[in-house]
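The values are calculated or read from the model by the stated rules, or taken from the named source; none is laboratory data. What you see is a predicted model, and the numbers here were worked out from it, not measured in a lab. When we count neighbours, we look across all protein chains shown, and the Cβ atoms used for this are built from the backbone with ideal geometry, even at glycine. All accessible areas refer to the heavy atoms of the entire protein, side chains included, with ligands and DNA or RNA removed. Shrake-Rupley method; radii C 1.70, N 1.55, O 1.52, S 1.80 Å.
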Amino acid sequence: MSRNLISIQDFSKEEILEVLKMAAGFEKNPSQPIFRDKVVASIFFEPSTRTRLSFETAANRLGARVIGFSDAGNTSVTKGETIKDTIKMVSNYADLIVMRHPLEGSARYASEISPVPVINAGDGSNQHPSQTLLDLYSIQKTQGRLDNLFINMVGDLKYGRTVHSLLQAMSHFNPTFLFTAPEELKLPNEYKEYLRKRNIRFEETRNLSDGICQSDILYMTRVQRERFTDAIEYERVKNVYSLNNSMLDGAKPNMKILHPLPRVNEIALDVDNSDHAYYFDQAKNGVYTRMAIITKLFS
Amino acid sequence: MQMEKHLKVSAIKNGTVLDHIPAEQLFKVIDILGLSCISNQITFGTNLDSKLLGKKAIIKISDRYFESDEINRIALIAPQAKINIIQNFKVVEKRVLSIPSSIKGIAKCMNPVCVTNHQPIETLFTTITDENELKLLCHYCEKITDKENLKIISNN
Ligand SMILES: [Zn+2]
């Protein structure tokens, strides 16, 4: 049984399903102050308001007290304190640590030093497993199942950590993938190799209109300017990967659009009122999923 | 010819001879095994002709024997190396290297934003052999370092 949540790969299929089931329970009854005696440290070495508020709300709804910092700017960290020393100090006060850090692998390292459980709330572009679990929860909730779905992932498939973790997690459930990305942001070979080894079907396209009508899930990601060396190339790609309402005409009725947020140009505002839009509900599911993760690591 | 070969391999009385090291990896092997910090007699030759490698190097260490775990660490850069155990001028045992399943502290992670490149942490990798090529999967950042980008951390 996992004591920490660092990478989605640390959770077995059974553990993933267990968390999703608990999350459904918390959605039905979100106020369950079962950890009134616990202190949760929320330590964010780089700011991420969205993730931090979601975790802190989850901890508060479980009755736990929250301590921590929301960016490293005014802490001893800027004075050159090592991750090790910060973790040693914080674990003296807290029963669980939620940590966000720009260095990749920092959460794994923290979990090896910390005597209390650690949840990775994002380590650079590596892993962000609570996001993956809330994506899975959203998929299961909207589709009624996780098995045998057609998942179309769109945008930055090269650097997008949510994409990589989600494809690893979905691999337990016999999906079919379509990867829609510009040449510069194609899915790296190591992930294609990962899928081939597991006999999971996938195709690739550069054209966003290609797979919309087959998809059960359209998983949109942000195409970030800083990923491009060529500014003109960014401008071109940015407009090609923009979803608008007229493109959804042939979509299956059950199809839902997910996006880890914040969005920029990838989804036009006219999509928001469509029955297919699910990205705002998806964010709300984050609190229930994080309540489930905290509960699992405490028990 | 036979005589020359014989001399190259076993001209120490007791100890270990490491043969078939790619010539360009000689100093890295010395580094990984920490040979520059021990007081044993060591001789080495490099740029010797080799059918297998083109140019090879050879290291002879008197009165020093290695545990498998210790010697297997050089499999990273000299996978075809042969280990000869010498006693009384004779080869009494020949060993080949096997690639260890994990590698601790020898290699550097190629990911510039990996935590191991910024904090005082010993690196740790799982080895993957993919189409006969050895790759290292970082335990921390989960990124792969391939042979082309492999950098050895000095032991000194
Ligand atoms: Zn690394």
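Restricting to segment B:123-150, and then to whatever is more than 12 Å from the ligand (Cβ to nearest atom) and of a type in the set (D, E, K, R), can you tell me which residue is farthest from B:ILE32 (Cα to Cα)?
Taking the candidates together, the pick is B:GLU131.
Which condition number in (1) open to solvent by 10 Å² or more (accessible area, probe 1.4 Å); (2) farther than 23 Å from A:ASP10 by Cβ is the one that A:SER299 fails?
(2)
Taking the condition loosely packed, with under 13 Cβ neighbours inside 10 Å, within 14 Å of chain A (Cβ to nearest Cβ) and in contact (Cβ under 8 Å) with a residue 24 or more places away in the chain, does B:THR145 pass?
So B:THR145 does not fit the description; no.
More than 30 Å from A:GLU15 (Cβ to Cβ) and surrounded by 15 or more Cβ atoms within 10 Å (Cβ to Cβ): does that describe A:VAL287?
no
Checking the structure you have, find out if any residue of segment A:102-111 is in a helix (DSSP H, G or I) and either more than 25 Å from A:THR49 (Cβ to Cβ) or among the polar types (S, T, N, Q) (or both).
Yes, because at least one residue in segment A:102-111 is in a helix (DSSP H, G or I) and either more than 25 Å from A:THR49 (Cβ to Cβ) or among the polar types (S, T, N, Q) (or both).
Would you please name the residue that is farthest from A:ALA23 (Cα to Cα), looking only at residues in segment A:39-56 that are of a type in the set (Val, Ile, Thr) and over 17 Å from the mean Cα position of the chain (by Cα)?
A:ILE43
List the strands (runs of 3 or more DSSP E) that sit entirely inside segment B:92-141 and contain at least 2 residues that are in contact with a Phe, Trp or Tyr (Cβ under 9 Å, 6 or more places away or on another chain) and free of Cβ contacts under 8 Å to residues at least 60 places away in the same chain.
B:102-104, B:133-138
Which of the residues spanning segment A:115-159 are among the polar types (S, T, N, Q), within 14 Å of chain B (Cβ to nearest Cβ) and open to solvent by 10 Å² or more (accessible area, probe 1.4 Å)?
Once the filter is applied, which keeps residues that are among the polar types (S, T, N, Q), within 14 Å of chain B (Cβ to nearest Cβ) and open to solvent by 10 Å² or more (accessible area, probe 1.4 Å), segment A:115-159 yields A:SER125, A:ASN126.
Return the only residue of A:MET255, A:MET247 being closer than 26 Å to A:ARG145 by Cα, out of contact with any strand residue (DSSP E or B) (no Cβ under 8 Å at 6 or more places or on another chain) and of a type in the set (A, V, I, L, M).
A:MET247
Taking the criterion of being open to solvent by 30 Å² or more (accessible area, probe 1.4 Å), in a strand (DSSP E or B) and modelled with pLDDT of 95 or more, would at least one residue in segment A:245-267 satisfy it?
Yes.
Between a first residue in segment A:11-30 that is more than 18 Å from A:SER54 (Cβ to Cβ) and a second residue that is among the charged types (D, E, K, R), which pairs have beta carbons less than 9 Å apart while being 6 or more apart in sequence or on different chains?
A:PHE11/A:GLU18; A:GLU15/A:LYS296; A:GLU18/A:LYS296
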